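The values are calculated or read from the model by the stated rules, or taken from the named source; none is laboratory data. Note that the structure is a prediction, hence the values are computed from the model and not measured. Neighbour counts are summed over all protein chains in view; Cβ atoms, including those assigned to glycine, are modelled from backbone coordinates with ideal geometry. These accessible areas exclude ligands, DNA and RNA; they are computed on the full protein's heavy atoms, side chains included. Shrake-Rupley method; radii C 1.70, N 1.55, O 1.52, S 1.80 Å.
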Amino acid sequence: MKLPALINLCLTGLLVNGCSENKQPAPATTAASGKIIIKGSNTIGEELAPRLIAEYKKEHPDAVFELESKATGYGLAALLAGQCDIAGASRAPIKDEQELAKARGIELNDHVIGSYSVAVIVNGGNSIGNLTPEQVRDIFTGAVGNWKDVGGRDMPIHLFVRDPISGTYLGFRELAMENKPYTAGIKTFTNYDGILQAVAQDASGIGYVGLDLGSKGGVKAVSIREIAPNDASVNSGKYPYVRTLRLYTDKSKEATPARDFIQFVQSSKGQDILREMGFVPHP
């Protein structure tokens, strides 16, 4: 592995075991601490994982969790250093992470749990029913500020988005905005319901919500390059605003408590929770 890449992986995790490429991971954390330690993606860890943990504990009251959400890279680095049992990820491991796993003799178990996806919504009275990815990017970055510039009526565009500390705020910026900053003057909300209500009440409004809310009264979900946002288009890979969500474990050290929790997440009960929270269940 190239030195810059190795240094980057070490810094990403802020791990205490040192940066030797061939150093073996620490002992399995669950056995040592009695906890199920989950680290990684904000998309998973911010709202979804706490809800899943709470539901799991109803049937397993003695289960103890430690949850830390910073980024996918942080979680994978921690897993490769033996500092967590489960790494939550909203992307697959990059080449450098794959090489580090191979160097340490670690085979990753890849547990797909569903997808993060959002529907772009407009007011139900808006004539716009389809946008290109470029138009969506330009609207949310402020390059386009009037509906007439994308084929609609002559009226200013009003933007409604999640709050900056949410994983969705960052996730949409990465998926739909080429990671460019949001335009000034946006109105932020702590949940999708707030965005839904704001767009429903504003003829000039546009925002994004979970796929399950795209057909609620007063709003409509727009297609992206003629592809409608729904479970079928998400799971087929045709819809552009999607991230597959995964829980990674070290195959050789996957302890029973961690495996049981993952199986709960993948069960019908766990998948129902994903859908309730606006995610797309794994088919």
Out of the residues in segment 214-254 meeting the condition of being in contact with a Leu (Cβ under 8 Å, 6 or more places away or on another chain) and in a helix (DSSP H, G or I), tell me which one is surrounded by the fewest Cβ atoms within 10 Å (Cβ to Cβ). 251
Have a look at 151, 105 and point out the one that is closer than 30 Å to residue 262 by Cα, open to solvent by 30 Å² or more (accessible area, probe 1.4 Å) and small (Gly, Ala, Ser). 105
Any idea which residue in segment 169-186 is least open to solvent (accessible area, probe 1.4 Å), counting only those that are in contact with a Phe, Trp or Tyr (Cβ under 9 Å, 6 or more places away or on another chain), under 21 Å from residue 225 (Cβ atoms) and free of Cβ contacts under 8 Å to residues at least 60 places away in the same chain? 177
Here are 89, 119, 71: which of them is under 21 Å from the mean Cα position of the chain (by Cα), at pLDDT below 95 and either open to solvent by 10 Å² or more (accessible area, probe 1.4 Å) or not aromatic (Phe, Trp, Tyr) (or both)? 71
Looking at segment 33-48, which of its residues are over 12 Å from residue 74 (Cβ atoms) and more than 11 Å from the chain's Cα centre (by Cα)? 33, 34, 35, 36, 37
Within segment 110-202, considering only helices (runs of 4 or more DSSP H) that don't extend past its boundaries, which have at least 2 residues that are of a type in the set (Phe, Trp, Tyr)? 167-176
Top-ranked residue of segment 187-215 - restricted to ones that are modelled with pLDDT under 95 and among the charged types (D, E, K, R), ranked as nearest to residue 231 (Cα to Cα): 212
Any residue at all in segment 158-168 that's without any contact (Cβ under 8 Å) to a residue 24 or more places away in the chain, surrounded by fewer than 18 Cβ atoms within 10 Å (Cβ to Cβ), of a type outside the set (D, E, K, R) and under 16 Å from residue 44 (Cα atoms)? yes
Considering residues that are of a type in the set (A, V, I, L, M, F, W, C), touching a residue at least 60 places away in the same chain (Cβ under 8 Å) and within 20 Å of residue 243 (Cβ to Cβ), the number found within segment 82-103 is 4
Within segment 213-232, track down each residue that is within 24 Å of residue 182 (Cα to Cα) and of a type in the set (D, E, K, R). 220, 225
